[in-house]
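Remarks on the structure that follows.
The values are calculated or read from the model by the stated rules, or taken from the named source; none is laboratory data. Worth saying up front: this structure is predicted, and the values here are computed from it rather than measured. Here Cβ is always computed from backbone atoms with ideal geometry, including for glycine, and neighbour counts include all displayed protein chains. Quick note on the areas: whole protein, heavy atoms, side chains included, nothing else; ligands and nucleic acids left out. Shrake-Rupley method; radii C 1.70, N 1.55, O 1.52, S 1.80 Å.
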Amino acid sequence: MTFNTQPKASHFINGEYIEDTAGAPIDVIYPATGAVIARLHSATPAIIDKALNAARDAQKAWAAMSGTERGRILRRAADRMRELNHDLSVLETMDTGKPYQETSVVDATSGADALEYFGALAPSLTGEHIPLGDGNWGYTVREALGVCVGIGAWNYPTQIACWKGAPALACGNAMIFKPSETTPLCALKVAEILHDCGLPAGLYNVVQGYGDVGHALVSDDRVNKVSLTGSVPTGKKVYATAAEGMKHVTMELGGKSPLIIFDDADIENAVGGAILGNFYSSGQVCSNGTRVFVHESVQDKFLDRLCARLQSSVVMGDPLNDATNFGPMVSDRQRQIVMSYINKGLAEGARLVAGGSIVEGDGFYIQPTVFADVTDDMTIAREEIFGPVMAVLPFTDEAEVIARANATEFGLSAGVFTRDISRAHRVIAQLEAGSCFINSYNDAPVELPFGGSKQSGVGRENSKEAIKHYSQVKSVFVRMGDVEAPF
Ligand code: NAD
């Protein structure tokens, strides 16, 4: 492997790579082999301080630029990311273990989409003129928040770095991004590309570290906004810390989403949706539809086609091989967590119909796994597994399945497969989830808001909605006549 995965330094601050080897080591492991492919260091207090000062010092001049100028830089960075797609995709594969077949069409490309979309929106971020009678009037100004902190999960390191960075920068903010300690490499490239394309120093900084570094950033008075992608327990901690300083938050958290397949569904498409919603990225996707409710009259047909497609079409192996469509878990730890859930599924009486085992040899591979006859109270139907484990639950009628689908503390996503257009909309309207799908699953175009309800999160990423979460409105009353005071 000649690809150089060791970055020039651990952090990217004020427009340059910077190292401080006093920080705790972070070994980056290629999930397909278990080999160490880079060593980085967690940020020391001095590094954190440097990033916060750089961001604070650069932000006001950036916000004072016209939206057109800001947007031009973001759009240039989008073009550059597309030009570099191959190398960025290889790096994403090395960082996460996801197959190149996926990363080459999803990661840098969706990051570029976000930069292009928010770059194009930047010039149109204006306020309103509001007539108030008697010749008086008011106006609103959409202002930047200031310094934003982005904290990433390990499954989509390039995409998350862009989904947070692009709207933040478009609105005139500075960003300090802390990648997951498990996949720290890709965000550095995003920072480098933004600066190569003209972003002034200090506006997009990358600081490495574990949870303590995230906490230090979230609790700092210089920070105005925090956007986290991570698990619900981490989200609760980060939200509470941000509340101490009354900071703005976006929380993109976990899920246990329902996918409902009615008896009139196109079964081949429904199987395809269930595969996308459970086995893409080896199941390490927050919005996955891991509770697959299948109408009892079509359950056997659904399971037959699902198992046949898994048997004939899964290509597990070297993620850099173009033919590979199923990669390893991101880490040995994550594989152990997933195996413990599989064992609980077996112990609690679910019927294993596919997979269920780790794959011996190098790397953290686990087979795509399907359980049938799952009941709502089983652990595998209640807790987020974050691995390739599908739970199939039979149902008999619409009202029953809606109630069961909603019986969870999570509310990230939900999907419905049916040929009945009225039923599709009627059911989706009743499902308690932020990002829903009809006859599809897990599409996430930048034009559509993405995010969760209930414990799955607060706020939305992507689309015009994200602008609201990276800006605030100032209102100004203008009196044209004399002031009438009581004395
Ligand atoms: P995690 O919660 O363990 O960590 C997320 C990030 O938070 C990491 O960068 C970590 O270092 C940091 N962190 C941990 N403790 C912190 C603290 N006290 N203060 C500040 N930062 C802290 O999540 P993970 O295991 O990396 O990712 C998997 C989880 O992320 C799953 O639950 C998944 O559903 C969720 N996720 C959600 C979305 C979404 O958009 N909703 C997308 C991807 C992943």
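Could you work out the Kirkwood radius for region 338-402, taking every pair of different alpha carbons, averaging 1/r and inverting it, reported in Å? Spell out each step's value before the answer.
Values: mean 1/r = 0.0800 Å⁻¹.
Computed over Cα pairs of region 338-402, the Kirkwood hydrodynamic radius comes out at 12.5 Å.
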Computed magnitude of the charge dipole of region 1-61 (debye, nearest 20; Cβ of K, R +1, Cβ of D, E -1): 120 debye
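What is region 188-266 by shape, rounded, prolate or oblate, if you read a ≥ b ≥ c off the alpha carbon gyration tensor as root eigenvalues and call it rounded for a/c under 1.5, prolate for a/b larger than b/c, and oblate otherwise?
oblate
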For the residue pair S422 and Y139, what label-to-label distance in nm results when each label sits 7 Å from Cα along the Cα-to-beta-carbon direction? 5.1 nm
Which residues qualify? For V315, with a placed amide H closer than 5 Å and at least 5 residues away or on another chain, they are N325, F326
Looking at A114, G135, L145, which one has the Cα that reaches farthest to the positive end of the dipole of region 99-145 (charges on Cβ: Lys, Arg +1; Asp, Glu -1)? G135
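Cα-Cα over 30 Å: which of K236/K301; K60/K98; K236/K468; K8/K50? Working shown, then result.
Details: K236/K301 41 Å; K60/K98 39 Å; K236/K468 22 Å; K8/K50 18 Å.
In this structure, K236/K301; K60/K98 exceed 30 Å between Cα atoms.
What do you get when you divide the Cα radius of gyration of region 33-161 by 2.2 N^0.38 Å, with N the number of residues?
On the way: Rg = 19.8 Å, N = 129, 2.2 N^0.38 = 13.9 Å.
Dividing the Cα radius of gyration by 2.2 N^0.38 Å gives 1.42.
Please work out whether region 94-177 counts as rounded, prolate or oblate from its C-alpha gyration tensor, where a ≥ b ≥ c are the square roots of the eigenvalues and a/c under 1.5 means rounded, while otherwise a/b larger than b/c means prolate and anything else oblate?
On the way: a/c = 4.84, a/b = 2.74, b/c = 1.77.
In terms of gyration-tensor shape, prolate.
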Taking K and R as +1 and D and E as -1, what net charge do the other residues with C-beta under 14 Å from the C-beta of K8 add up to? -3
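Considering only DSSP states other than H, G, I, E and B, which GluC sites (Glu not before Pro) in region 75-179 qualify as loop sites with at most 13 other Cβ atoms within 10 Å? Could you put the intermediate results ahead of the total?
Working: sites: E83, E92, E102, E116, E128, E143; in loops: E128.
Qualifying residues, ordered by number: E128.
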What percentage of the solvent-accessible surface of region 1-117, computed with a 1.4 Å probe over protein heavy atoms, is contributed by carbon and sulfur atoms? 50 percent
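What is the local net charge at F386, summed over the other residues whose Cβ is closer than 15 Å to its Cβ (Lys, Arg +1; Asp, Glu -1)? Write down the numbers at each step before the final one.
On the way: positive: K98, K256, R291, R333, R335, K344, R382; negative: E252, D332, E383, E384.
My count for the surroundings of F386 gives +3.
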Theoretical ellipticity at 222 nm over the chain - DSSP helices of four or more residues, -39500 (n - 2.57) apiece, nearest 500: -12500 deg cm²/dmol
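Suppose every Lys and Arg Cβ carries +1 and every Asp and Glu Cβ carries -1, with no other charges. What dipole size does the chain come out with about its Cα centre, to the nearest 20 debye?
On the way: 41 positive and 57 negative charges, 171 e Å.
For this selection, approximately 820 debye.
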Could you tell me whether region 340-470 comes out rounded, prolate or oblate from its Cα gyration tensor? Rule is a ≥ b ≥ c as square roots of the eigenvalues, rounded for a/c under 1.5, then prolate if a/b exceeds b/c, otherwise oblate. oblate
Give me log10 I(q)/I(0) at q = 0.09, 0.12, 0.19, 0.21 Å⁻¹ for region 136-281, Debye formula, one equal scatterer per alpha-carbon, no solvent. -0.37, -0.59, -1.07, -1.24
Taking N as the number of residues in region 82-128, the ratio of its alpha carbon radius of gyration to 2.2 N^0.38 Å works out to 1.50
Over region 4-96, what lengths in whole Å, largest first, do the semi-axes of the equivalent ellipsoid take, defined as the square roots of 5 times the eigenvalues of the alpha-carbon gyration tensor? 29, 22, 8
Could you please state, rounded to a whole Å, how far the C-alpha centre of region 23-44 is from the C-alpha centre of region 94-167? 29 Å
Find the percent of Cα-Cα distances in region 277-411 that exceed 17 Å, and round it to a whole number. 59 percent
Could you tell me which of I37, M329, P486 has its Cα farthest along the dipole of the chain towards the positive end, charges placed at Cβ (Lys, Arg +1; Asp, Glu -1), taken about the Cα centre? P486
Rounded to the nearest 0.05, FRET efficiency between A24 and D318 (Cβ-Cβ, R0 35 Å) equals 0.65
What does DSSP give for the chain in terms of the percent of beta bridges that are antiparallel, rounded to the nearest 5? 45 percent
Taking the chain as the region of interest, what is the percent of Cα-Cα pairs per 20 angstrom bin, listed from the shortest bin to the one with the maximum distance? 24, 53, 21, 3, 0
Potential lengthening between Y17 and L84 on full extension [0.36 nm per residue; Cα-Cα distance subtracted]: 22.2 nm
Under a point spin-label approximation (7 Å from Cα along Cα-to-Cβ), what is the K301-Q336 distance to one decimal in nm? 4.4 nm
Between 0 and 90°, nearest 10: helix 332-347 axis offset from the chain longest Cα axis: 50 degrees
Give me the net charge of G349's neighbourhood, meaning all other residues with Cβ under 14 Å from the Cβ of G349; Lys, Arg count +1, Asp, Glu -1. -2
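Accessible area per residue of the chain at 1.4 Å probe, in Å²? Intermediate results must be reported in sequence, preceding the final value.
Details: 19480 Å² over 487 residues.
With all protein chains present, the chain gives 40 Å² per residue.
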Residues in region 107-151 that a label on M480 would reach, taking backbone N under 16 Å of a point 7 Å out along Cα→Cβ: 129-139
